[in-house]
Amino acid sequence: MCKIHNTIGSLNDIQYHLDYNRIDEFKSIDELINFRINYHFTQQQVILHHTERIEKEKVTLEKEIDGLHDSILMIRTALQKLLKRRLITLYKQIDDLPLPGSKVIPILQDYYFNLIIWLQIWFMQISYPFKVFVVKQKLKNILLKKNKRFNFITANFIDAVNHSSLLQLQTLQQQKIIIDQINNSIYGAIGEQKVVNMLKNLPDDYVLINDFNYSFHPPLYYKKENNYIKSIQIDHLLIAPCGVFIIETKNWSEESIHNPNLFSPVKQINRTNFALFKILTDEMSKLNLNSLKHHWGNRKIPIRNIIVFINNKPREVFQFTKILSLTELLPYIKYFVPSFTNDETQNITDLLMTISNKRKQSNLIVSITTH
């Protein structure tokens, strides 16, 4: 089986956008696609959930309001009974005080204890109405709030549901906007994963590097278009016994293929080929790799361009670039005669892996069985 390095680029792009927007509940491409498909249904489910929630709240409020009316009466009665019991206890304490003798000290003690108990009786009679007032006021405030909420729900049920579901619907809408923005990457990931699954069938002397990135400092001058190349990104870089294949995947519709406003993938891959040639030439000379040298001179590393179209394929034929369908990919690669040993293939792989810009690898899963 072909050795594979790195997650496919579209998945990394998707993961970056999800992380940047703090969306972490999606674990696979299928979940993202299903979210878009079921978005309106999910909206309705959110509204239904909050409708049921407000209905339950209304029923609960009605019960609580009735309970609070009863509680106010019960608490007042309970406090009256409590006051009466405590007063009886205090009066009994006065009756149980021993009779003082003729001496001064016992008489003073008797007056003192009587005074303390009568002060307690007086304080309880004074404080009782205040305690009743405080408790009743607290309950009335709670009752007022619940009555206000109950009346609002009764008169403005739809508004109550809308207000309750607003935050969740806004979050849902924001997720939809973000996922719509990465829709091309989602279907790009499906196409790229199909290519990876196809390339897995190659022997183990083939090595696949997904999402190869390289930046030029300073930018590389591209004479053919009279401009500069700052960086390159390759969907799949296949290092094979017969050379290196730059493989770009396009999961395009027929309309996209014929859209003149889209940047030409042929021009893109030709620019990438030129840049990769410069990278390999410069880096190989720096490392002075003896395994790629021959007594006649430095050996060439063939770099071939492939664009794989998943659904629709152009009929046109282009210079320096092979346009293939998914089923044509492996036969085309296997057509070329090997010219490198396993060690030489590994040396090229090690070089490319060393110089590649590293990106955070996505944990998203692509299942292509349902697509």
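The values are calculated or read from the model by the stated rules, or taken from the named source; none is laboratory data. Just so it is clear, the model here is predicted, and its values are computed rather than measured. Here Cβ is always computed from backbone atoms with ideal geometry, including for glycine, and neighbour counts include all displayed protein chains. For the accessible areas, the whole protein counts, side chains as well, though only heavy atoms, and no ligand, DNA or RNA atoms are used. Shrake-Rupley method; radii C 1.70, N 1.55, O 1.52, S 1.80 Å.
How would the chain be classified by its alpha-carbon gyration tensor: rounded, prolate or oblate, with rounded meaning a/c under 1.5 and the a/b versus b/c comparison settling the rest? Prolate.
Most simply put, the chain has about 55% antiparallel DSSP beta bridges, counting only bridges with both residues inside it. Adding -39500 (n - 2.57) for every DSSP H run of four residues or longer, then dividing by how many residues the chain holds, sets the calculated 222 nm ellipticity at -20500 deg cm²/dmol. The spacing between segment 155-195 and segment 9-29, judged by their C-alpha centroids, is 14 Å. Normalised by the number of residues in segment 225-271, the mean separation of alpha-carbon contacts (under 8 Å, six or more apart) gives a relative contact order of 26 percent. Rolling a 1.4 Å probe across the protein heavy atoms gives segment 238-288 an accessible surface of 46 Å² per residue. The relative contact order of the chain, computed from alpha carbon pairs under 8 Å that lie at least 6 residues apart in sequence, is 26 percent. Once the chain from Thr60 to Gln181 is taken as fully extended at 0.36 nm per residue, the excess over their C-alpha distance is 39.3 nm.
Kirkwood Rh over alpha-carbon pairs of segment 3-67, then Stokes-Einstein at 20 °C and 1.002 mPa s: what D in µm² s⁻¹, rounded to an integer?
Details: Rh = 15.5 Å.
Translational diffusion coefficient: 138 µm²/s.
If you run the Gaussian network model on the chain, springs between alpha carbon atoms under 10 Å, then out of Leu237, Leu48, Leu199 the most flexible one is Leu48. Please find the FRET efficiency linking Ser253 to Asp24, where r is the Cβ-Cβ separation and R0 is fixed at 51 Å, and quote it to the nearest 0.05. Efficiency, rounded to the nearest 0.05: 0.95. Membrane-span-like helices of the chain, defined as complete DSSP H segments with a Cα extent of 18 Å or more along the helix axis and a mean Kyte hydropathy of at least -1.0, are identified as 39-95, 104-155, 157-181, 183-199, 265-287, 342-355.
Across segment 151-223, the convex hull enclosing all Cα atoms gives 221 Å³ per residue.
Quick one: dipole size for the chain, taken about the Cα centre, charges +1 on Lys/Arg Cβ and -1 on Asp/Glu Cβ, in debye to the nearest 20.
Using only the charged Cβ atoms, the result is roughly 1220 debye.
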